[in-house]
Each structure stands twice: as C-alpha cells, then as structure tokens.
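Okay, so here's the structure we're looking at.
The values are calculated or read from the model by the stated rules, or taken from the named source; none is laboratory data. Since the structure is predicted, the reported quantities are computational estimates derived from the model, not experimental observations. Using ideal geometry, Cβ is built from the backbone for each residue, glycine included, and neighbour counts are taken over all protein chains shown.
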Amino acid sequence: MDFSELIRVRQSVRKYDGRAVEREKLEKLIEAVRLAPSASNSQPWKLILVDDPELKEKVARATFDSVVSFNKFAPQAPVLAVLVEEAPMLITQIGGRIKKRDYPLIDIGIAAGHFCLRAAELGLGTCMLGWFSEKTIKRLLNIPRQKRIGLVITLGYPAEGYPLRGKSRKTAGAMSSHNGY
C-alpha cells in the first residue's frame with residue numbers, strides 16, 4: 001500500500017476481534033518505533049507491549065472508570081502498547097528548557113504515529129489513549145515512579161465488518177497557509 005492509501009485507511013479502531021497478534025508483526029512494530037526520529041536522536045521512550053491476557057485486562061481497565069467510560073473497548077484489544085517517557089539527552093533537556101518545549105512528548109507522538117501507521121500497513125487497528133490511570137498502570141507494569149507514561153495504544157485486528165469511516169477533517173485552506181499565518 002502506498003503512503004497516501006495508508007494515511008487514508010488508518011483510523012482509530014474501537015472494536016477488535018480478539019485474535020492474537022503474531023510475534024512477527026509485534027517485532028515489525030517495535031522496529032517502526034525504534035526507527036522514529038527524535039530531538040537530538042535522544043529516543044526518549046521505552047515501548048512496553050502488554051499481551052499477557054490477565055495483565056493486559058488489568059491495564060486495559062485502568063484506561064476508564066465509572067465516570068469516564070469512553071475507553072471501555074480497550075479490553076477487547078489483544079495487545080496494549082505503553083509508551084513511557086525516558087530522559088532525553090542533556091542537550092535536548094537544555095534546549096527544551098530554553099525554548100519551553102517538551103521534546104520527549106513530541107518525540108513520543110512521532111513514535112506513536114510510526115507505530116500506528118505500521119500497524120495499519122500490517123492490517124492491524126490501533127487507537128491512541130490519553131486517558132488512563134497512570135499510577136495504576138505504572139504499578140502493574142513495574143514502571144519506576146519517577147517515569148511518565150506518554151500514551152497507551154490499543155492494538156489488534158479490527159472486528160469483521162468494522163467500517164472504514166470517512167475522515168472528518170478541516171479543509172486544507174483552513175488548516176494551512178503559505179508564507180505566513
């Protein structure tokens with residue numbers, strides 16, 4: 001599939017068929033994240049793939065609660081990818097303070113984009129989750145207390161007949177310009 005088709009078909013999937021994701025495909029996803037660009041090549045992330053069914057269920061349940069229920073589909077996904085923020089190189093830390101930029105979170109976003117696009121190419125569905133109980137997930141995955149979780153991504157095969165939705169996006173003119181704001 002060419003890149004134009006890939007970005008057209010990639011969408012957030014919220015219904016999975018439960019089939020296990022093959023180890024070969026997981027390795028390709030790891031490689032996509034490994035090759036993602038980052039500020040000063042810091043690669044300030046650790047990717048944790050959670051596919052043990054019991055542990056995955058507990059982590060998935062930490063992405064919603066009785067008040068916020070919009071991630072209740074997460075337990076259907078056979079794999080959860082957790083992107084943990086790692087310390088960037090010193091030059092990146094200094095540059096981030098000077099320019100008031102959170103480069104590690106920007107870099108995690110790029111890595112997550114690589115992950116999701118590669119998954120789509122492999123016939124898998126994903127959904128990036130920004131709402132989760134960080135404290136619970138850190139405890140479940142033995143993530144050190146001083147670390148920060150950037151994103152949780154559901155991963156699996158979309159349920160049969162899962163619709164390819166049309167993308168509702170701003171027009172090119174509304175979201176871009178040339179040579180000035």
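Couple of notes before you dig in:
- With respect to (1) basic (Lys, Arg); (2) modelled with pLDDT of 90 or more; (3) more than 13 Å from the chain's Cα centre (by Cα), the lone exception for ARG97 is condition (2).
- The listed residue being in contact (Cβ under 8 Å) with a residue 12 or more places away in the chain and either part of a helix (DSSP H, G or I) or crowded, with 18+ Cβ neighbours inside 10 Å (or both), out of ILE106, ILE98: ILE106
- Scanning the range 57-94 for residues that are in contact with a strand residue (DSSP E or B) (Cβ under 8 Å, 6 or more places away or on another chain), closer than 19 Å to ARG145 by Cα and among the aliphatic types (A, V, I, L, M) yields VAL59, ALA81, VAL82, LEU83, VAL84.
- Of the residues making up the range 10-22, those that are out of contact with any Asp or Glu (no Cβ under 9 Å at 6 or more places or on another chain) and either surrounded by 13 or more Cβ atoms within 10 Å (Cβ to Cβ) or on the phi < 0 side of the Ramachandran plot (or both) are GLN11, SER12, VAL13, ARG14, LYS15, TYR16, ARG19, GLU22.
- Of the criteria (1) at pLDDT 95 or above; (2) surrounded by 14 or more Cβ atoms within 10 Å (Cβ to Cβ); (3) more than 18 Å from the chain's Cα centre (by Cα), which one ALA39 fails: (1)
- Considering the range 79-94, and only residues there that are modelled with pLDDT of 90 or more and in contact with a Phe, Trp or Tyr (Cβ under 7 Å, 6 or more places away or on another chain), the residue that is farthest from TRP131 (Cα to Cα) turns out to be GLU86.
- Screening ALA81, ALA60 for residues that are touching a Pro at 6+ places or on another chain (Cβ under 6 Å) and not acidic (Asp, Glu) leaves exactly one candidate, ALA60.
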